[in-house]
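Below is one structure, written out as structure tokens; comments come after it.
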Amino acid sequence: MLIPEPVSIQSLFSSEVAEKSVEVAILRLDEIHPLVSGNKFFKLKYNLQAAQKQGKRTLLTFGGAFSNHIYATAFAANLAELQSIGIIRGEETNRANPTLAQAQKMGMQLHFVDRETYRKKNSSDFLENLSAQFGDFYLIPEGGTNAMAILGTKEILASSSAEFTHICVPIGTGGTFAGLAASLQRHQRLIGFSSLKGEFIHDEVEALLSRHQIYPEGSLEIRNEYHFGGYGKHKPAEIEFIKWFYAKFKIPLDPVYTGKMVYGVWDLIAKDHFPPGSKILLVHTGGLQGNAGFKAKTGIDLPTL
Ligand SMILES: *Cc1c(COP(=O)(O)O)cnc(C)c1O
């Protein structure tokens, strides 16, 4: 489904990087599609296959009003000629925001629930209610992380990434991190940058890895000091960085995931976190559809592709 082989890797030359004797390159999953987050294609790939094999005609999933996952699921369902239903946390008034407007245009049926109800979305009562209301569907969890998703994200690091010593990626639910961990080589270190505030992410990712029986060959590290206030939050320093990065490399970043991750990598390079000779690969997961919603919400105009 729409995943070009191979995805391009570009070198990023800059004085701050050269000074520390490290090299940085970026894996452009964002180029897979201008609006659908690149990592989501990998997460949905085997879920779509499973849905089709099971004879399902509808995908149902959950998300917030600006969710990249909602957007991607609507898009993928449309492509696979499946119906889609999005259970959206929050107000009906969000219907007009750029993310949800686009999801509806792709044919997704939106169903709004209040935060209280949304929190119970994994309970059997809630799911039974959904079945009664919408009939039979293939369920994809919030954020899209399940066994099928990890099977897909395991394919992100193709053989061409063997030369890298460090792989850096943003973390939301950790499904992308888990798939990368599963395909890591012995000489590689995977660094995940949490876009959420809190120490809980360490336990959560550990639980995810053990649930899916992932025993990485390389080493793992999770940073949780680059959340800029928490999920969906931002600070001026991050916005400045995203603008600087675009001016320098002509590569757009999003404020929710990739902006935080790349900021973190630059900060860690400045702090000598990477030994000289390191070859660092940034995984640009996409998320650029969110920049339109970000502008609608904050008035801040970030570059896009
Ligand atoms: C969804 C998303 C992530 C987070 O992926 P997880 O597998 O949930 O950790 C990272 N970056 C972008 C751009 C995303 O859309």
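Considering only residues in segment 247-279 that are assigned to a loop (DSSP other than H, G, I, E, B) and among the small types (Gly, Ala, Ser), the one that is surrounded by the most Cβ atoms within 10 Å (Cβ to Cβ) turns out to be Ser278. Scanning segment 151-173 for residues that are within 16 Å of Gly264 (Cβ to Cβ) and touching a helix residue (DSSP H, G or I) at 6+ places or on another chain (Cβ under 8 Å) gives Ile167, Cys168, Val169, Pro170, Ile171, Gly172. Taking Phe13 as the residue in question, decide whether it is out of contact with any Gly (no Cβ under 6 Å at 6 or more places or on another chain) and outside the structural domain of Tyr263 (by TED's automatic domain parsing). No. Looking across segment 116-143 at every residue that is out of contact with any strand residue (DSSP E or B) (no Cβ under 8 Å at 6 or more places or on another chain) and of a type in the set (Ser, Thr, Tyr), the one that is surrounded by the most Cβ atoms within 10 Å (Cβ to Cβ) is identified as Thr117.
Where strands (runs of 3 or more DSSP E) fall entirely within segment 138-226, those with at least 1 residues that are touching a His at 6+ places or on another chain (Cβ under 8 Å) and within 13 Å of the ligand (Cβ to nearest atom) are at 189-194, 219-223.
What about Gly143, is it modelled with pLDDT under 95 and closer than 22 Å to Lys295 by Cβ? No, not satisfied.
When Leu35, Leu59, Leu48 are screened for being buried (at least 24 other Cβ atoms within 10 Å of the Cβ) and over 21 Å from Phe177 (Cβ atoms), only Leu59 passes. Take Leu44 and tell me if it is in the same structural domain as Gln102 (by TED's automatic domain parsing) and within 13 Å of the ligand (Cβ to nearest atom). When the stated conditions are applied, Leu44 passes them.
Can you find a residue that is touching a helix residue (DSSP H, G or I) at 6+ places or on another chain (Cβ under 6 Å) and not in a helix (DSSP H, G or I) anywhere in segment 122-133? Within segment 122-133, not a single residue is touching a helix residue (DSSP H, G or I) at 6+ places or on another chain (Cβ under 6 Å) and not in a helix (DSSP H, G or I).
Among residues that are in the same structural domain as Lys250 (by TED's automatic domain parsing), touching a helix residue (DSSP H, G or I) at 6+ places or on another chain (Cβ under 6 Å), under 19 Å from Pro170 (Cβ atoms) and within 16 Å of the ligand (Cβ to nearest atom), Leu29 is included.
Restricting Ala65, Ala96 to residues that are touching a residue at least 12 places away in the same chain (Cβ under 8 Å), closer than 28 Å to Lys295 by Cα and either surrounded by fewer than 18 Cβ atoms within 10 Å (Cβ to Cβ) or not assigned by TED's automatic domain parsing to the domain that holds Gly290 (or both) narrows the list to Ala65.
When the residues of segment 155-206 are filtered to those that are charged (D, E, K, R) and without any contact (Cβ under 8 Å) to a residue 60 or more places away in the chain, the one that is nearest to Leu282 (Cα to Cα) is Arg189.
The values are calculated or read from the model by the stated rules, or taken from the named source; none is laboratory data. Since we're looking at a predicted model, the values are computed, not measured. Backbone-built Cβ (ideal geometry, glycine too); neighbour counts: all protein chains shown.
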